[in-house]
1. Between Val4 and Glu67, 0.36 nm times their residue separation minus their Cα-Cα distance comes to what?
2. Using the Karplus curve 6.51 cos²θ - 1.76 cosθ + 1.60 with θ = phi - 60°, work out ³J(HN,Hα) for each residue of segment 32-48 in order, rounded to whole Hz, and write x for Gly and Pro.
3. Per the helix-only calculation at 222 nm, which mean residue ellipticity applies to the chain, given -39500 (n - 2.57) for every DSSP H run of n ≥ 4 and division by its residues, nearest 500 deg cm²/dmol?
4. Just to confirm my numbers, what's the Cα centroid distance between segment 1-34 and segment 98-122 in Å?
5. Return the lysines within reach of Lys23: Cα separation strictly under 18 angstrom, same-chain partners fewer than 8 residues apart disregarded; answer none if there are no such residues.
6. Can you give the Rg/Rh ratio of segment 4-147, where Rg is from the C-alpha atoms and Rh is the Kirkwood radius?
7. For Gln128, enumerate residues with amide H under 5 Å from its amide H, sequence gap 5+ or separate chain, H modeled in the peptide plane.
8. Roughly speaking, what is the stretch gain from Val75 to Ala94, that is 0.36 nm per residue apart minus the C-alpha to C-alpha distance, in nm to one decimal?
Amino acid sequence: EARVVLVSACLLGEACRYDGKSKGSDKVMRALEGKEVVPVCPETGAGLGIPRPAVELKGGAGAEVLEGRARAAEVESGRDRTEAFRRGAELALAAARRFGAEVALLKERSPSCGTQGTHVDGVVVRGQGVTAALLARSGLTVVSDEDL
Ligand code: SF4
């Protein structure tokens, strides 16, 4: 049983999503009862605003972005956001290490936080967001709100 859990801040009720909303739920709060919670929002942590233009991954999912074979870009303008997405992932990993979190509970399908599905080239595909991919390859167990 994990004692310390890294959690997508929007799942805790923080209105930090691109659309200025949150995704808090009783289900999440119940699942975290008795745990130490480390909230992170990789995108706002990397300096992206609230609200902000929606971003999708281009050419591959999070693992490919980390390897430089895909990128993150705003859906409407095409503006490249790869560096911010990578930086946000690094911030999340640093928080996990600092507080000893071995499990991350993340928001499904986000281009940063998605654990099993994420937005690539206009569709939802199997694959992880950039942060989920970095956490997973760094040894954390990543689960999503939809696994609860
Ligand atoms: Fe932030 Fe992740 Fe939630 Fe998006 S899904 S608002 S990046 S915590």
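1. Working: separation 63, 0.36 × 63 = 22.68 nm, distance 2.84 nm.
Computed gain between Val4 and Glu67 is 19.8 nm.
2. 9, 4, x, 9, 8, 10, 10, x, 9, 10, x, 6, 6, x, 8, x, 6
3. -7500 deg cm²/dmol
4. 12 Å
5. Lys107
6. Numbers: Rg = 13.7 Å, Rh = 14.6 Å.
So for segment 4-147, dividing Rg by the Kirkwood Rh gives 0.94.
7. Under 5 Å from the amide H of Gln128 lie the amide H atoms of Gly62, Ala63, each far enough along the sequence or on another chain.
8. 4.0 nm
No lab work stands behind these numbers, since they all come straight from the coordinates. Everything numeric in this text was worked out from a predicted model, so none of it was measured. In this analysis, Cβ positions are derived from the backbone assuming ideal geometry, glycine residues included, and neighbour counts consider all displayed protein chains.
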